[in-house]
Amino acid sequence: YFRFRRKESVPYDSVLEGISSLNEIRADNTAQSKAYNWLNDDTVVSSPSDSFLVQRYILMVLHYSVKGENSINVDKWGSDKNECEWIGVECECDRSGKPCENDARNVISINLATSLLDGSIPNEVGYLSQLEELDLSSNDLLRKTLPSSIFTIKSIERVKLSSCTLTGVIPSSIKNASSLLELNIGSNMFTNGGVDTIEGLPSTLETLILSNNKFSGTIPIAITSLTKLKHLDMSSNDFKGIIYTAFGELTELEFLDLSKTKLESMLPVQLGKLSKLTNMNFFDVFKLTGTIPTEMGDLTKLRVLNLYSTGLTGSIPTTFGLLSSLEELRISADAITGNIPTEIYGISNLQKIVITDTQLGGGLSDEMFNLKKLLELNLENNALTGTIHPSIGNLTSLEFLSLATNKLKGPIPSEIGLLTDLTKLYLCCNDLTSTIPLEMTNLTKVEVIEIVENKLVGPVPEKICCLPYMEQFNFEIVLDCPKLFSTSSVQC
């Protein structure tokens, strides 16, 4: 026996039968039956012929499917207002400025990101025939699989479902999404039953984010056929195999991230053809081997280059000095040899240099200390020699400095006291001599100073205790500031 609450006996069943199954509509306590009953009480829709009956029904099925006890935004849905006024719903009229009626009332975007949703995405969403964007990202209580119907919407351009705890595979229907520009399913639990569907990705894609899932096997070669791609992130998966030379054909690419994968490959010289690239990330690709191609110096728009924790060998190319837009450089590989190319220090935009855990030797070039925008300089655990030049005081924007675990000699220059934005200073494990400069007490923002395992002599400046944010001071002795204050006349 089946009963609906109706203002009149309105036969909506036949209208909705192609959207939901009658069994779902007639079952107890389903999202579909709740939406149907709501529809019968709805004062906006008055008859089965109302062209927006289906649209309101679908939105309410979504409402009942994902609304949890703590959900926000979607909990306001279901009012007697035009659905275009519901939070997170955008209709054509919202963009065109036309009245929200007739064709201008079609829903084109749903954005319920970070709304504490709890439940699963219903198949009915795929029947919003004019939908262009679906953003349910950062709702980690969404579960189950991704409905295939979403990719049957001819108008769909952007699907953003990152951090939703989704499982399963990418639906094969994605090959029919001929308008799709962006697919972001990062930070879910998709598996590599999706290899075939990755092969079927539409050629229209400009943004593809598959990061932090459970994909494995080789990177599908079809990825290199997506020549409109601007943003490609496949990081934090178990992809193996090589980096194809055909990646060099993705000439529209601006962002490439293959970090934290199990690739076993050299860096193809063809990557130097990606002239629009601004970000290249191979962090934690331990089996990335071979030398760094000199052709990477052709990437003049590159702002971030991350080759940290790799198995690269050889030297850092002098052509890196041509990377005129570079802001951040990270390199760590224990088989990197030679010296840090002085050409790098001509890149005036550099803000972060992190080159650690290599066999790089040579001295600290004075030219390094002309990088006025530098915020972080980390050269720890290399084989650097020579002294720390007084011109280090020119780096007045510096917030982090580590020259630890090298072979540096001579005194700590007093000019280090000019680095008044410094929060962390690591100079340990060298052969530094002389005394700790009094000027170090000018570092009023510093939190950590570590200068153990050197050959420093003399007393520690007592006013080190006056630094307001100091959390850790490691020298050959432990500086007991409370005791010092009680036995001396230190005044801050």
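Data for the structure
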item: Pairs with Cβ under 8 Å, 6+ apart, first in segment 371-385 and in contact (Cβ under 8 Å) with a residue 12 or more places away in the chain and more than 17 Å from residue 420 (Cα to Cα), second surrounded by fewer than 17 Cβ atoms within 10 Å (Cβ to Cβ) and among the basic types (Lys, Arg); result: 383/407; 384/407; 385/407; 385/409
item: Residue under evaluation residue 100, criteria (1) open to solvent by 30 Å² or more (accessible area, probe 1.4 Å); (2) over 24 Å from residue 163 (Cβ atoms); (3) touching a residue at least 24 places away in the same chain (Cβ under 8 Å); (4) among the hydrophobic types (A, V, I, L, M, F, W, C), criterion not met; result: (3)
item: Selection count where residues are of a type in the set (Val, Ile, Thr), surrounded by 15 or more Cβ atoms within 10 Å (Cβ to Cβ) and in contact with a helix residue (DSSP H, G or I) (Cβ under 8 Å, 6 or more places away or on another chain), scope segment 199-242; result: 2
item: Residue among 216, 203, 265 that alone is more than 18 Å from residue 159 (Cβ to Cβ) and either out of contact with any Phe, Trp or Tyr (no Cβ under 8 Å at 6 or more places or on another chain) or touching a residue at least 40 places away in the same chain (Cβ under 8 Å) (or both); result: 265
item: Hits in segment 430-450 - residues which are under 34 Å from the mean Cα position of the chain (by Cα) and crowded, with 18+ Cβ neighbours inside 10 Å; result: 443, 446, 449
item: Condition met for residue 239 (of a type outside the set (Asp, Glu), touching a residue at least 12 places away in the same chain (Cβ under 8 Å) and part of a strand (DSSP E or B)); result: yes
item: Residue check, residue 326 open to solvent by less than 20 Å² (accessible area, probe 1.4 Å) and assigned to a loop (DSSP other than H, G, I, E, B); result: yes
item: Subset of segment 408-422 (residues that are open to solvent by 40 Å² or more (accessible area, probe 1.4 Å), touching a strand residue (DSSP E or B) at 6+ places or on another chain (Cβ under 9 Å) and either over 16 Å from residue 379 (Cα atoms) or among the polar types (S, T, N, Q) (or both)); result: 411
item: Residues (within 15 Å of residue 396 (Cα to Cα), open to solvent by 60 Å² or more (accessible area, probe 1.4 Å) and part of a loop (DSSP other than H, G, I, E, B)) located in segment 353-373; result: 372, 373
item: Filter pass, residue 168 being without any contact (Cβ under 8 Å) to a residue 60 or more places away in the chain and surrounded by fewer than 16 Cβ atoms within 10 Å (Cβ to Cβ); result: yes
item: Residue in segment 172-187 that is nearest to residue 226 (Cα to Cα), counting only those that are buried (at least 19 other Cβ atoms within 10 Å of the Cβ) and of a type in the set (Gly, Ala, Ser); result: 177
item: Test set (1) closer than 19 Å to residue 124 by Cα; (2) in contact with a helix residue (DSSP H, G or I) (Cβ under 9 Å, 6 or more places away or on another chain) - residue 192 fails condition number; result: (1)
item: Strands (runs of 3 or more DSSP E) completely within segment 374-470 that count 1 or more residues being basic (Lys, Arg); result: 409-411, 424-426
item: Residue within segment 457-469 that is buried (at least 19 other Cβ atoms within 10 Å of the Cβ) and under 29 Å from residue 321 (Cβ atoms) present; result: no
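The values are calculated or read from the model by the stated rules, or taken from the named source; none is laboratory data. These numbers were taken from a predicted model, which means no experiment stands behind them. Backbone-built Cβ (ideal geometry, glycine too); neighbour counts: all protein chains shown. Side chains are part of the model used for accessible areas, which takes the heavy atoms of the whole protein and leaves out ligands, DNA and RNA. Shrake-Rupley method; radii C 1.70, N 1.55, O 1.52, S 1.80 Å.
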